[in-house]
Structures are given as structure tokens and as C-alpha cells.
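Trainee: Right, I'll just put the structure down here and ask away after.
What follows is calculated from the coordinates using simple rules that are stated; it is not laboratory data. If you're wondering where the values come from, they're calculated on a predicted model, not measured in any experiment. Cβ: placed from backbone, ideal geometry, glycine included. Neighbour counts: every protein chain shown.
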Amino acid sequence: MKKGTKLLSVLLAFVMVISMFAATFAASAADYYKPHYTEEVTEEDVSLMLGDVNTLLSRELLTGDIIEEIYKFLPSLSAVVNNGSPSDSTRNAAYYKAAQPERFAALPDGEIVDDVTDENGNVTTPGTFTTFFETHPIVCSDLAAFQTEINNIIDLVVIDNVMSTIVFAFVFFGQQNIPQGQALGDGVDQICEALGVEQEAKLQDLLGIGAQLGSFDTAGTRVYLKNVVSGLLPDLSNNLMAIIRSIADEEKGAKLYAGITAVLENLSSVLTALSSSLASLGVDLESVLTTIDELKNGFAALPTLGEGDTKRLDLEGVIGQLVPLLTNSLVGIELKIVFVDREEHDPEPPTLTDLPGSDLGGLENGIQFRHMQLDRIANCESTADVMKTIYDYLYDNLIADPTNNALLTSVVGLAGLVGIPQAIADFLDAALDMDNSELANELILMLANEAGRHVLTAYAATAPTCTESGNTAYYICEACGKWFADADATQEITDQNSVIVPATGHTPAEHYYADPDGHALICETCGVTLESGAHVDEDGDGLCDVCAFEIPAEPEEPTEPEQPTDPEQPTQPEEPTEPTTGADDETPVKDADIPKTGSAASIGFGALSLAAAGALVLLRARSKKNDII
Ligand SMILES: [Zn+2]
Ligand SMILES: [Zn+2]
Ligand SMILES: [Zn+2]
């Protein structure tokens, strides 16, 4: 399973590299091309995503494991990589201890013993390094750390003895090999130039196979190799995007093609010439030569544009060849891609054909992609723009295009048949219905989650009120759904209820608000009436038993009892309107109701409360005890 994931990563990396190597169109406009960003998907989001890709690459692909594997390989080069004697070669622990004392202090002295493996390549008896790295693992926390490790190995391997061996091999096997060696060096120089990796010297001169035959430059070669490493590794995804942009023009694309061709064509003949020499030193290059031959044949078979100096890879052709191979090996469906002009686009949905059992066979018409506009990439302003432009192109062709969308929908519908995991099929199914920024946002969040980056949305603190709870400030990660107390996502909130600040409850004023109509107790904070009623004076002291208000002696009160009988008469309704004009009659009517029904009084106190709430500030500002009463 892990191997499968790694294989996929390698394939993806390969696709990226191929697209990087393929420059087919000249930049046609000097103006920068700006892809369309949205609120959901900003340029910053895409830049951060490129950082996530780096994180994933450094975690999944460019790990300390790979560095350990390189160290395990070094002892086999002991015949070449030594400082003058077998006892000071990569076969001896002393070699590593001298070069990197801190790392290898605990390496057992003496000869480095290789792993013993069975015919399947499984380690049956761990060798010196395997055992050593189990207790002293090499960890590369990021791409920069990986770069440092590679540079350490360059220092370890590129030494005078190696350089002199190279020169010796060339000289020993005759002058006819030197032009090929020089062409090889020039090819590497050209690749560096096309990729924007600046070099101060020509590789053939540094190696001593150029004009200055035999005079190699060890320090210069180390710098040359480290330039390549630092030109690509520390920020791999951004570098790849920058490279795609910078070579998306005819001239650099042609230079790259020429460089790669020169390297592949000359490398195998040079190595073939050197192999017998190296074999006598104990280095077996057979498998390396086979791999180089395969690469050479594969590269030569890729479709090209132009001739002679302008010959370069045809990116569309490359993709057209790669996609069916990739989809066939990954999901068992050979998806063909056909590039067409916008107006030539076939409105008829392509059809699935040949369904023998679970094998879908080929697709009759294939997926129709509109021709690329590489000038857009060449004219991008930032690496995020390059990424977004590529994404938009894929989205427009695969999802926004109804014909292709229909085709893919039917393929996804058959996911179970060809063994695509249901979770992936479900995601693809959903993706086919998403709009551009929705899907981009989804992908950004997925990558962020994989890379362990949190995408925080801030929720400001709110103060609680008397009846509503508030909350402390918190942040929710859109990628993983976790809650955090800080904007740096260092303090996770595991109990989401902990952000709640409970409602305070009402704070009753210290004293009742009172007027001749009655009294009310009000919340100091929000002004709500907590309690209200008419005055009560059961002890007959003239003061309200509740609020101590001095109850005015009203002569009309005795007459009140008669009135309750009157309202029953149907003629009465007119009266309530009249008292509003009458100044003195109004209050007695109300007073009559208040003592009997306290709840009814609260209606009148609604207005009172509002006024009281406003007055409250004044009241609290004054001496609390006496003013109100
Ligand atoms: Zn998160
Ligand atoms: Zn309140
Ligand atoms: Zn009272």
C-alpha cells in the first residue's frame, strides 16, 4: 500500500517534470496573464497550497529514508570513492567518521557490511548502516533539510580520487570518448540554462574532459552540483511552477530538449566506455546502463514539434500518450485524450465501448481537450498564477465541458466495476458537479489537511447578556474541523463547550423604581422589568410594604368599588376614551385596576420600565440609598 502511494507520487512527479520539460509555444504577449481568483480561492490560498505540496513531497518522497538508502549504496563505490587507500574508502567506517564526525560517531569501526537480501529484495540480515540508522535515523523535516543532506553527500562523494578516476577513464579508453564526454557536459549545461540554474563554469572543464584535459576542479564540481540542488529542491513546487513558466517559450523549450537529448545519447556511450574500466575497479554499471537505455528510448519516442535547433517536445502529444498509460495502469481504463480546436469540439458525447466483463476497454472518441494556451503560462506573474492557470485549464476541459463531464460521470458510475475505491468515486462524483472555485477550495483544503496545515476562520469573542450566552474568541480549521483558541493553531480546544461564556442572569437594581402608580424592579444591566405591581400597604403605615413609597392618600379610592360594576354596561366603552382628556380622572381609573390585578399592572409598567431603564443610569450615578425611595 505504501509502495503504491510512493509509486503514484513518483508518477505524478514524473508528469510534472515532463510538463516542465515541454515548452512548445512562444510567449505571444508581454502582458501578464492573471487567472481568475475568487473570495473562496485567493492567490494567497494557492500559494499556501504550493507550500503544502512541498510539505507532502518532503514527507512522502524526499525523506531521510532516501538519504539513508544513498548511504547504504556508497560502500559499493569504495573502489572509486576513497581518499587513496582501501582502508580510507566508503567501505570503511573511518571514511564517514572523518567526513561527518557528529552523525557517525557511534558507527562501529571497521568495514561496512552490506545488507543480505533474499531473491525478493527483502533484507534477511541487516548490514552495518541498516542497524545503525535504526538507532540513528536521518530525519529531513523539510525540503531545505533534504537539500543539506544531499549537499553533505556531494561533499562526501565528489573528491579528488573520483575526479581523477573520471579523467583517467577517459584518457585510458581513448580520445574517441572525449567528444562524447564533452557533449554530455554541454547537455547538462544546457539543461541548467533552460531551467534557470546559473552555473559559473562548464561541466566538461570542471570534470577535466574539456579544454583543460586532465585538470579537474573538485571544489568547482561540488559547487556546480549544489547549484543544481539549490536551484530545484528548497521550494520544489514553486520552483517547478517557475520553471514551467520560464520555459514555456520556444527558445528555452528547444534548449531543454537539446540538453536532455545530449545527456541521454552521450551518457550511455560514455558509461559503456567507462564500464569495463570501472568493472575492473569493482563497480558494476550494467543495471544503470539498462535504465539509461530505457530512458533514452522512451524520450526519443515522445512526440515533438519543430526541427533542428527548434525541436522541442509537443506537450499535447506527450499528455496524449501519457494519460492513457497512466489511467490504464491506475484505474484500468484507457482514457484517450484528443486535442481539438474550440470550434471543432465534437458536440456528440463520446461513448464507452467494449465492456468484456470488468474490462472497460477503450473509449471510442476519447476525452476532447481544447488546445493549450501555453502563452498564458509563460505570461503568468507568479507561481500561484501558473498553478491556477493549469488548474483552470483542467477544470474547463474536464468538468465545465458538458461532453467530457458526461463521459467522466459515466466512467465514475462504473467505478465499482473497475475497482476504484468507493470514497474516491464519491469524491469524483461530487467534483463533477462543483463549480470552479468550489472544487479548487475543496482541493486546497484536502491538501492542507494532508499537509497538516490549518486553515482558520476566526470567530470573535462576544459578551454574554443577561439571558444569552456569549463566547470567547476561537478559530475553526476548515481543513480538519478542529477548534483552536489562538490564531496560530497551537492551543486546540477539545471541549467546544468551553468557549461558551454563560448568560450572566439579570442583576436586580438595588431599589425599586416607584411612582404613584406602583413600583417596579428593573435589571440594572438590560432594563427588563423583573417584577412589578401596585403598592401594597397592609400594615396601613402609608408606605408601600414592598418599595416603601409614600402612598398618596386618594379621596377617590372609596368610590372605586362602585365602578367595577359599571363597566359591565354596554354603554360604557365610550368612557375610556374620555378620561384621556380629563386630567384628574385618569389616574383613579388605573388605580382601581392595579390593586386587584397585579399582572395587569405590568402592562402599564412596560412603558414605565423603558423609562426606568433610561433613568437607571442616572439613578445609579447618584447616591443609591435615598434618591429612589
Ligand atoms: Zn486543521
Ligand atoms: Zn438583565
Ligand atoms: Zn410599592
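Trainee: Once fully extended, how much extra length lies between His136 and Asn83, figured as 0.36 nm per residue of separation less the alpha-carbon to alpha-carbon distance? Numbers along the way, then the final one.
Mentor: Working: separation 53, 0.36 × 53 = 19.08 nm, distance 2.54 nm.
Length gained, His136 through Asn83: 16.5 nm.
Trainee: Using just the Cα positions, wrap the stretch 113-211 in a convex hull and report its mean projected area in square nanometres, one decimal place. Don't skip to the answer; put the middle values down first.
Mentor: Numbers: hull surface 40.5 nm².
Mean projected area for the stretch 113-211: 10.1 nm², to one decimal.
Trainee: What do you get for GluC sites (Glu not before Pro) in the stretch 53-123 restricted to DSSP loop and a cutoff of at most 13 other Cβ within 10 Å of the site's Cβ? Mind showing how you got there, number by number?
Mentor: On the way: sites: Glu60, Glu68, Glu69, Glu102, Glu111, Glu119; in loops: Glu119.
Those that pass, being in a loop and sparsely packed, are Glu119.
Trainee: Can you tell me which of 446-453, 36-43 comes out highest on packing, and rank the rest after it, using the mean Cβ neighbours within 10 Å? Let's see the in-between values first.
Mentor: Values: 446-453: 17.5, 36-43: 14.4.
Listed from highest to lowest mean packing, they are 446-453, 36-43.
Trainee: Considering Cα pairs under 8 angstrom that are at least six residues apart, work out the relative contact order of the stretch 456-501 and quote it in whole percent. Spell out each step's value before the answer.
Mentor: Values: 80 pairs, mean separation 15.6, N = 46.
Worked out over the stretch 456-501, it gives 34 percent.
Trainee: Still on this model: Under the 0.36 nm per residue contour assumption, what length would be gained going from the current alpha-carbon distance of Glu40 and Asn122 to full extension?
Mentor: Numbers: separation 82, 0.36 × 82 = 29.52 nm, distance 4.81 nm.
Full extension of this stretch gives 24.7 nm more.
Trainee: Near the amide H of Phe549, under 5 Å away, which other amide H atoms are found, from residues 5 or more places off or on another chain, if H is placed in the peptide plane?
Mentor: Cys544
Trainee: Project the alpha carbons of the stretch 456-501 onto their principal axes and report the range along each, largest first, in whole Å.
Mentor: 34, 17, 15
Trainee: Please arrange Leu143, Leu61 by counting, for each residue, the other beta carbons lying within 10 Å of its beta carbon, fewest first. Don't skip to the answer; put the middle values down first.
Mentor: Working: Leu143 21, Leu61 18.
Result, fewest neighbours first: Leu61, Leu143.
Trainee: If you don't mind, there's one more thing I want to ask. Sort the stretch 481-541 into rounded, prolate or oblate with this rule: let a ≥ b ≥ c be the square roots of the eigenvalues of the Cα gyration tensor; rounded if a/c is under 1.5, and if a/c is not under 1.5, prolate when a/b is larger than b/c, oblate otherwise. Provide the component values of the computation, followed by the final result.
Mentor: Working: a/c = 6.13, a/b = 4.92, b/c = 1.25.
It is prolate, given that a/c is not under 1.5 and a/b is the larger ratio.
Trainee: Output needed for the stretch 79-167: three equivalent-ellipsoid semi-axes, defined as square roots of 5 times the C-alpha gyration tensor eigenvalues, in descending order, whole Å. Can you show the working numbers first?
Mentor: On the way: eigenvalues 98, 72, 41 Å².
Value: 22, 19, 14 Å, ordered largest first.
Trainee: If you don't mind, there's one more thing I want to ask. Quickly work out the Asp155-to-Asp375 label distance, labels modelled 7 Å from Cα along the C-beta direction, and quote it in nm with one decimal.
Mentor: Label at Asp375, label at Asp155, 4.9 nm between them.
Trainee: With each pseudo-label sitting 7 Å past Cα toward Cβ, what's the Ala473-Glu550 distance in nm, one decimal?
Mentor: 5.5
Trainee: Can you list residues from other chains, or at least 5 along the same chain, whose modelled amide H is less than 5 Å from the amide H of Cys380?
Mentor: Hits under the 5 Å cutoff: Tyr33.
Trainee: Over the stretch 64-139, what is the relative contact order in percent, taking alpha-carbon pairs closer than 8 angstrom and at least six residues apart?
Mentor: Working: 94 pairs, mean separation 21.0, N = 76.
Over the stretch 64-139, the number comes to 28 percent.
Trainee: Ranking request for peptides 294-306, 457-469, 179-191, 89-101: highest mean number of other beta-carbon atoms within 10 Å first, then the rest in descending order.
Mentor: In descending order of packing, they fall as 179-191, 89-101, 294-306, 457-469.
Trainee: With only alpha-carbon atoms in the gyration tensor, what are the semi-axes of the equivalent ellipsoid for the stretch 27-122, in Å, largest first?
Mentor: Working: eigenvalues 440, 59, 43 Å².
Equivalent-ellipsoid dimensions as semi-axes: 47, 17, 15 Å.
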